[in-house]
């Protein structure tokens, strides 16, 4: 009897050890099977473009609990702005939001989306990129860059701000206006197309240049203008809406193709949720800034945007830039309602 009792205790001990071992191994095994998604963004924590990644993470965790380890790196802490596409192609990064300017460096025909008055407003932007046109223009991005765009996030709409009180209704009303633009030839062309005298100047020098009259105006999305306090040295906001910009939430293609179709769908849905969150909040933000500037005593001018679009698009179509745009694409974009 004693012998049987000892064996029974030994058996219990073995079962307990085995159970403990399995209990320890199970979470370890689960951790090893989680797919890591490294996200790199230059956005600062308070920016909607930073907050949307938390929405992505939460949405994915709800639809695919325990399947992914989403690691968000803000402030360009993981990769410098503009280097993310190359990192994704090399397999060093799974996700980022890349700009039309970044894409056009390797897919020149995509430069149509860096031109003035191609996209009318945020709603038009979503319809263009979420429809047949999006499918068409994203194919060469996947092929040439090894990144797969999943959702389109609204970056902002550029407006003109002037240091003096001026009633601008058409491009002709900007004749002789020294309008600060970023220094590249593409940006300077846009400034000239708007009817102004494009003047290259570093962003950090704009405030003083407006104050002293070295320049007559500048163009930026209103949140950027507010952050830089350009309202202190400007009197007029002209709602030209001349560039409705976007960034594209994208996944490294090789890593994306390694996922199951179900995982791909869940990631795409989470990216769409994140973009929607960003878009809704950014649009509200911009609308409130118009009222805020008006309350500060600034003149808000709503020009003839159709006339601006006609003049600017005509100048682009007669330029070298339009030569690399796919035939008929501009007409397709304009036809989207």
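Any read-out appearing in this document is the output of simple, stated calculations on the displayed coordinates, not a laboratory observation. Only a predicted model underlies this, so the values are computations on that prediction, with no experimental measurement involved. Backbone-built Cβ (ideal geometry, glycine too); neighbour counts: all protein chains shown.
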- Note down the nm distance, to one decimal, between modelled labels 7 Å out along Cα→Cβ at residue 197 and at residue 317. 3.0 nm
- Item | Nearest-ten-degree value, helix 305-317 long axis tilted from longest Cα axis of the chain | 80 degrees
- Note on the structure: Final fewest-first order of 170, 114 on the 10 Å Cβ neighbour count is 170, 114
- Task: Let me know the whole percent of all Cα-Cα pairs from the chain that are separated by more than 33 Å.
- Result: 37 percent
- Taking every DSSP beta bridge that has both residues in the range 34-335, what percent is antiparallel when rounded to the nearest 5? 60 percent
- From a point 7 Å beyond the Cα of residue 106 in the direction of its Cβ, which residues of the range 75-97 have a backbone N at a distance under 18 Å? 79-97
- Task: Return the calculated 222 nm mean residue ellipticity for the chain, to the nearest 500 deg cm²/dmol, obtained by summing -39500 (n - 2.57) across DSSP H runs with n ≥ 4 and dividing by the residue count.
- Result: -15500 deg cm²/dmol
- Task: Classify the range 45-199 as rounded, prolate or oblate, taking a ≥ b ≥ c as the square roots of the eigenvalues of its Cα gyration tensor: rounded when a/c is under 1.5, otherwise prolate if a/b is larger than b/c and oblate if not.
- Result: prolate
- Message: If I model a spin label as a point 7 Å beyond the Cα along the Cα-Cβ vector, how far apart are those points for residue 35 and residue 334 in nm?
- Response: 4.2 nm
- Listed peptides 119-125, 210-216 by packing density, highest first (mean Cβ within 10 Å): 119-125, 210-216
- Quick note on 157, 260, ordering by fewest other C-beta atoms within 10 Å, gives 260, 157
- Note on the structure: Taking Cα atoms only, helix 2-33 is inclined relative to the longest principal axis of the chain by an angle, in degrees rounded to 10, of 10 degrees
- Query: Between the helical axis of 261-295 and the dominant principal axis of the chain, each derived from Cα atoms, what acute angle in degrees is found, rounded to the nearest 10?
  - Reply: 40 degrees
- Return the distance in nm (one decimal) between the two label points of a simple spin-label model at residue 90 and residue 73, each offset 7 Å from Cα along Cα→Cβ. 1.1 nm
